[in-house]
1. Does any residue in region 27-52 that is of a type in the set (D, E, K, R) come within less than 8 Å, Cβ to Cβ, of a residue that is open to solvent by 10 Å² or more (accessible area, probe 1.4 Å) and assigned to a loop (DSSP other than H, G, I, E, B) six or more places away or on a different chain, and which pairs are these?
2. Taking the residues in region 78-94 that are over 13 Å from Leu28 (Cβ atoms) and under 21 Å from the mean Cα position of the chain (by Cα) as candidates, determine which candidate is least open to solvent (accessible area, probe 1.4 Å).
3. Might you check whether a residue that is open to solvent by 30 Å² or more (accessible area, probe 1.4 Å), outside any loop (DSSP other than H, G, I, E, B) and touching a residue at least 12 places away in the same chain (Cβ under 8 Å) occurs anywhere in region 181-192?
4. So, Glu172, is that one surrounded by fewer than 20 Cβ atoms within 10 Å (Cβ to Cβ), in contact (Cβ under 8 Å) with a residue 60 or more places away in the chain and not hydroxyl-bearing (Ser, Thr, Tyr) or not?
5. Could you list, in sequence order, all residues of region 154-180 that are touching a strand residue (DSSP E or B) at 6+ places or on another chain (Cβ under 8 Å), more than 28 Å from Ser79 (Cβ to Cβ) and in a loop (DSSP other than H, G, I, E, B)?
6. Before we move on, is Ser104 at pLDDT 80 or above and of a type in the set (S, T, N, Q)?
Amino acid sequence: DPITRRFRYDVALVSALKDLEEDIVEGLRESGMEDSACTLGFSVMIKECCDGMGDVSEKHGGGPVVPEKAVRFSFTVMSISVLADDEVEEVTIFTEPKPNSELSCKPLCLMFVDESDRETLTAVLGPIIAERNAMKESRLILSIGGLPRSFRFHFRGTGYDEKMVREMEGLEASGSTYICTLCDSSRAEASQNMVLHSITRSHEENLERYEIWRTNPFSESVDELRDRVKGISAKPFMETQPTLDALHCDIGNAAEFYKI
């Protein structure tokens, strides 16, 4: 029975935007946009993060007994831009000055669960993902500066560490032969070839591979099947944006030194 506390995603985003109301109005003024003309076309870039907070049982005294680990899912409003009615290009009216600061990071869900407990994590975060997917397709009308404005949200999940990405994208854990969360390299291949590595994984592809793992359409042995799906052995439930991870950064650096 995991203990979890969370906000509804849309309610949390409304709250975050209302906190930024003065900044938005100020940004419109500084951009020389007529305040009353800009009611449509607002785009909000959201960076999501999710990470384990480690062992909490020793950190508080006298309260109820809790499972040992906690996980926090939070988001940051990275930027807000607007496309005015007769304009071609978007104008950015707000950028978060400290995008990695704890102060700009809004907690959405706090759960007492071990981050490697995949089933519980999926059950708790599943509804959040459903809300997020619904918001990708819809617009939010919110009163800012006394006028109703229309906002669209774009989500970038870049605040996950590698362990978390593996959990959410259905990859084998960190001891796997397949070392990377972005490509299909095995340890042996990466040590032999430091140059030719590209980001090849996508969420859709991982879902397809999970189906192959589940159904085994070619009646292969477990080893053959693992080789075919490259270490996907669970259903990926959260789409994470492929941004350069440490491994690719290392490989990229090695390639540069190689050239020199």
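The values are calculated or read from the model by the stated rules, or taken from the named source; none is laboratory data. Just so it is clear, the structure is predicted and the values come from calculations on it, not from any experiment. A quick note on method: Cβ atoms are made from the backbone with ideal geometry, for glycine too, and the neighbour counts reach across all protein chains shown. When the accessible area is computed, the model is the full protein with side chains, heavy atoms only, and any ligands, DNA or RNA have been set aside. Shrake-Rupley method; radii C 1.70, N 1.55, O 1.52, S 1.80 Å.
1. Pairs that qualify, where the first residue is of a type in the set (D, E, K, R) and the partner is open to solvent by 10 Å² or more (accessible area, probe 1.4 Å) and assigned to a loop (DSSP other than H, G, I, E, B), are Asp35/Gly145; Lys47/Pro99; Asp51/Glu115; Asp51/Asp161.
2. Ser79
3. Here is the first cut: in region 181-192, the ones open to solvent by 30 Å² or more (accessible area, probe 1.4 Å) are 184, 187-189, 191-192.
Those still in the list that are outside any loop (DSSP other than H, G, I, E, B) too: 187-189, 191-192.
Cutting the leftovers down to touching a residue at least 12 places away in the same chain (Cβ under 8 Å) gives us none.
No, there is no match, as no residue in region 181-192 is open to solvent by 30 Å² or more (accessible area, probe 1.4 Å), outside any loop (DSSP other than H, G, I, E, B) and touching a residue at least 12 places away in the same chain (Cβ under 8 Å).
4. Values: surrounded by fewer than 20 Cβ atoms within 10 Å (Cβ to Cβ): yes; in contact (Cβ under 8 Å) with a residue 60 or more places away in the chain: yes; not hydroxyl-bearing (Ser, Thr, Tyr): yes.
Against the criterion (surrounded by fewer than 20 Cβ atoms within 10 Å (Cβ to Cβ), in contact (Cβ under 8 Å) with a residue 60 or more places away in the chain and not hydroxyl-bearing (Ser, Thr, Tyr)), Glu172 qualifies.
5. Gly170, Glu172, Thr177, Ile179, listed by residue number.
6. Numbers: at pLDDT 80 or above: yes; of a type in the set (S, T, N, Q): yes.
Judged against the criteria, Ser104 is a match.
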